[in-house]
Amino acid sequence: GFTRDGKIVATRMKMVCDGGAYGLSTEGVMRKGAILAAGPYVVPNLQIDTYGIYTNNTPSGAFRSFGALQTEFATESMLDVAAERLGLDPFDIRRINAMRDGALTHTKAKLGTVSLLRCLDEAEKASGWEKGAPTVRGGTRHDLNGPGIRPACALGARFDADAKREAAE
């Protein structure tokens with residue numbers, strides 16, 4: 001739930017994880033997803049129910065953020081819906097709820113420096129975002145066109161200075 005001015009009061013989340021036939025890493029994925037579920041936002045009351053299920057599907061594994069993307073996608077989507085219903089700008093609702101330096105996460109970990117507000121400011125400037133409440137469903141926004149999905153992972157490689165390459169002829 002939210003206050004009228006956009007502050008998060010409480011969030012309830014239900015996670016159902018398909019662990020395949022063996023559930024090799026299901027518990028770890030659920031744990032990490034639950035730990036990161038609130039994202040970088042202050043959520044004073046958070047309930048997360050997790051369910052690992054066995055199915056006849058191919059086992060899934062932990063990769064690319066280890067369960068966090070799914071819960072953070074849900075949290076970010078919740079903020080977008082709340083902004084629309086409350087008539088707030090999506091960037092502003094994130095600023096209202098953003099963790100600040102020294103904040104405690106819902107697992108009581110104390111954060112050092114939190115750069116979320118600066119990141120939001122830079123993202124808003126770089127995107128050419130039009131201020132105001134979103135009307136995505138009505139299609140009246142002019143800044144919502146173009147590529148909007150980016151992979152949450154990167155490809156990288158490291159080579160030692162004395163690396164050798166041999167090719168068979």
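No lab work stands behind these numbers, since they all come straight from the coordinates. Predicted model, so just to flag it, every value in this text is computed and none were measured. Glycine also receives a Cβ, built like all others from the backbone with ideal geometry; neighbour counts cover every protein chain displayed.
Restricting to Cα atoms and excluding each atom paired with itself, what does the Kirkwood estimate give for the stretch 11-127 in Å?
15.6 Å
Where does each of Tyr41, Tyr54 land when they are ranked from fewest to most other beta-carbon atoms within 10 angstrom?
Going from sparsest to densest Cβ surroundings: Tyr54, Tyr41.
Got a sec? How would Phe91, Phe73, Phe2 order by Cβ neighbour count within 10 Å, fewest to most?
Going from least to most buried by this count: Phe73, Phe91, Phe2.
Can you list residues whose amide H is under 5 Å from Ile48's amide H, if they're 5+ apart or on another chain and H is modeled 1.01 Å from N?
Amide H to amide H, under 5 Å and 5 or more residues apart or across chains, Ile48 pairs with Met13.
Which cross-chain or sequence-distant (5 or more) residues have an amide H under 5 Å from the amide H of Cys17, H modelled 1.01 Å from N in plane?
Tyr51, Gly52, Ile53
Label points 7 Å out from Cα along the Cβ direction at Gln47 and Glu84: separation in nm?
Each label point lies 7 Å from its Cα, and together they span 2.6 nm.
Using the Cα centre as the reference, give the magnitude of the dipole from point charges on the C-beta atoms of the stretch 6-110 (Lys, Arg: +1; Asp, Glu: -1; all else neutral), rounded to the nearest 20 debye.
Approximately 340 debye in magnitude.
Just list whichever of Lys32/Lys110; Lys14/Lys131; Lys14/Lys108; Lys32/Lys125 have alpha carbons separated by over 28 Å in the model shown.
Working: Lys32/Lys110 17 Å; Lys14/Lys131 32 Å; Lys14/Lys108 21 Å; Lys32/Lys125 32 Å.
Over 28 Å apart, Cα to Cα: Lys14/Lys131; Lys32/Lys125.
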